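So the structure is just underneath, and the comments pick up after that.
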Ligand code: MG
């Protein structure tokens with residue numbers, strides 16, 4: 001099931017998105033969104049008799065992380081190599097503030113402090129319940145679903161600072177969406193799901209989640225061994241090779257097979 005957050009100009013609502021995805025992660029034209037009462041993560045699935053054409057609503061970030069977005073660095077061998085790093089022996093964690101989250105179609109702001117803004121297309125795990133010290137074999141129980149992320153990074157600031165807070169923490173540096181897919185098994189990603197990033201329509205990353213060094217259950221176990229995870233927290237699972245620069249005016253799209261496609265434009269404030 002696809003859980004989205006949307007607005008028709010009024011208060012944001014949650015809804016269930018219907019329709020078939022094409023291979024590019026785009027929905028058929030007549031897709032609809034059925035409104036829900038409240039946040040289904042907390043109150044369960046309560047369908048309202050209220051339906052909109054998807055084309056008539058504006059989608060918002062499908063989750064507002066209650067406390068944190070946990071990033072995982074260098075989780076694809078070829079990406080670690082392209083940045084000149086050895087492979088990590090355990091997952092390399094960092095945090096992005098929840099204020100960095102924006103939704104599909106929202107602008108990503110190119111900050112004046114950087115001259116090397118990069119995209120990083122990533123699979124995002126959405127946590128569904130409070131948890132700590134989750135065993136690998138029980139990770140599925142705490143996962144609400146999956147969405148698409150762009151771990152936008154000021155690469156020059158990442159090198160300069162030696163840690164990631166500023167480079168990955170600017171407002172708008174964590175586009176999420178277009179919705180949360182709740183029906184996928186983590187094994188699907190271990191087996192391999194295609195992940196592509198496009199800049200102005202040209203493919204710049206063409207990876208598969210099968211190349212992740214640490215798989216989804218391992219990441220949930222690892223992160224939760226350090227910090228309590230709350231409903232709505234997000235774990236970014238790392239990016240495949242092919243990261244590269246963005247310029248003001250660029251349109252960047254991250255597409256994950258079976259989930260959907262997330263598009264944002266780079267602008268100045
Ligand atoms: Mg990343």
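Considering every residue within the range 28-39, establish whether at least one is away from the ligand (no atom under 16 Å from the Cβ), part of a loop (DSSP other than H, G, I, E, B), within 24 Å of residue 130 (Cβ to Cβ) and without any contact (Cβ under 8 Å) to a residue 12 or more places away in the chain. Explain how you work it out, then say what you get.
Step one: of the range 28-39, the residues away from the ligand (no atom under 16 Å from the Cβ) are 28-39.
Add one more test, that the residue is part of a loop (DSSP other than H, G, I, E, B), and what stays is 28-31, 37-39.
Filter once more, keeping what is within 24 Å of residue 130 (Cβ to Cβ): 37-39.
Narrowing further to those that are without any contact (Cβ under 8 Å) to a residue 12 or more places away in the chain: 37.
Yes.
May I ask you to verify whether residue 63 is in a strand (DSSP E or B) and at negative phi? Break it down stepwise before answering.
Numbers: in a strand (DSSP E or B): no; at negative phi: yes.
Considered against the rule, which asks whether it is in a strand (DSSP E or B) and at negative phi, residue 63 comes out as no.
Pick from 15, 25: which is in a loop (DSSP other than H, G, I, E, B) and either surrounded by 14 or more Cβ atoms within 10 Å (Cβ to Cβ) or touching a helix residue (DSSP H, G or I) at 6+ places or on another chain (Cβ under 6 Å) (or both)?
On the way: 15 fails: in a loop (DSSP other than H, G, I, E, B).
Just a single option satisfies the conditions, and that option is 25.
Looking for whichever is closer than 22 Å to residue 203 by Cβ and within 16 Å of the ligand (Cβ to nearest atom) here; the options are 121, 73, 25. Which one fits? Before you say what the answer is, go through the steps one by one.
Working: 73 fails: closer than 22 Å to residue 203 by Cβ; 25 fails: within 16 Å of the ligand (Cβ to nearest atom).
Only one candidate passes the filter, namely 121.
Name the residues in the range 104-143 that are over 22 Å from residue 247 (Cβ atoms) and out of contact with any helix residue (DSSP H, G or I) (no Cβ under 9 Å at 6 or more places or on another chain), would you?
The answer is 124, 141.
Within the range 96-118, can you find the residues that are farther than 22 Å from residue 179 by Cα and within 16 Å of the ligand (Cβ to nearest atom)?
114, 116, 117, 118
So which strands (runs of 3 or more DSSP E) stay within the range 135-214 end to end and still have 3 or more residues that are surrounded by fewer than 24 Cβ atoms within 10 Å (Cβ to Cβ) and more than 15 Å from the chain's Cα centre (by Cα)? Walk me through it before giving the result.
Values: elements: 143-150, 174-181, 194-199, 202-208.
Where strands (runs of 3 or more DSSP E) fall fully within the range 135-214 and carry at least 3 residues being surrounded by fewer than 24 Cβ atoms within 10 Å (Cβ to Cβ) and more than 15 Å from the chain's Cα centre (by Cα), they are 202-208.
A short reminder: the numbers here are calculations on the coordinates, not readings from a lab. Bear in mind the structure is a predicted one, so any value in this text is a computation, not a measurement. Positions of Cβ are generated from backbone atoms using ideal geometry, with glycine treated the same way; all protein chains shown enter the neighbour counts.
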